[in-house]
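Report on one structure; see the data block that follows.
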Amino acid sequence: MSPRRNRQHGGAKPIDRTGGDRYGLEQTEEWRGEDWVVRQVGGGGAAKHYRCPGCDQEIPPGVPHVVAWPRHGDVDDRRHWHKACWNARDRRSARLQRSRNAPRY
């Protein structure tokens with residue numbers, strides 16, 4: 001006897017117009033007297049390496065994180081943050097010192 005299969009056969013899949021888990025919903029938050037658009041990015045949507053401005057560490061592909069940019073900013077103004085760094089952004093220094101052997105990207 002074959003093992004039982006629990007998958008559905010045939011039928012059309014529903015269309016997901018929200019972008020699935022790749023991109024979250026946008027929220028607006030105020031920071032430094034400016035409105036910022038904040039979007040949660042799931043692990044499936046994180047496909048590249050990014051540098052977090054909060055801790056100056058790399059965000060590897062597949063790690064959920066936050067993308068934030070000024071409401072009236074350009075596409076080039078987007079920054080990718082660790083979730084914890086974004087939540088602690090008021091407690092972090094803006095002038096982080098890298099070690100001598102830290103990468104510059």
**Request:** For segment 50-56, take each phi angle, set θ = phi - 60°, evaluate the Karplus expression 6.51 cos²θ - 1.76 cosθ + 1.60, and give the result in whole Hz per residue in order, putting x for glycine and proline.
**Result:** 10, 10, 6, x, x, 10, 6
**Request:** Quick one: which residues, 5+ away or cross-chain, put their amide H under 5 Å from the amide H of Ala46? H built at 1.01 Å from N.
**Result:** Gly62
**Request:** Measure off 7 Å from each Cα along the Cα-to-Cβ vector at Cys55 and Arg4, then give the distance between these two points in nanometres to one decimal.
**Result:** 4.5
**Fill in**
Once phi for every residue in segment 29-43 is put through the Karplus expression 6.51 cos²θ - 1.76 cosθ + 1.60 (θ = phi - 60°), the whole-Hz ³J(HN,Hα) values, with Gly and Pro written as x, are 10, 9, 8, 6, x, 9, 7, 10, 8, 10, 10, 7, 10, x, x
**Message:** If DNA, RNA and ligands are ignored and the probe is 1.4 Å, what is the ranking of Glu34, Glu29 by accessible area, most exposed first?
**Reply:** Glu34, Glu29
**Complete:** Non-local residues with an amide H under 5 Å from the amide H of Gln57, with H modelled 1.01 Å from N and Pro and chain starts lacking one, are Cys52
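The values are calculated or read from the model by the stated rules, or taken from the named source; none is laboratory data. Computed from a predicted model, the values in this text were never measured in an experiment. Please note: Cβ atoms are built from the backbone with ideal geometry, for glycine as well, and neighbour counts cover all protein chains shown. To get the accessible areas, we keep the full protein, side chains included, count just its heavy atoms, and leave off ligands, DNA and RNA. Shrake-Rupley method; radii C 1.70, N 1.55, O 1.52, S 1.80 Å.
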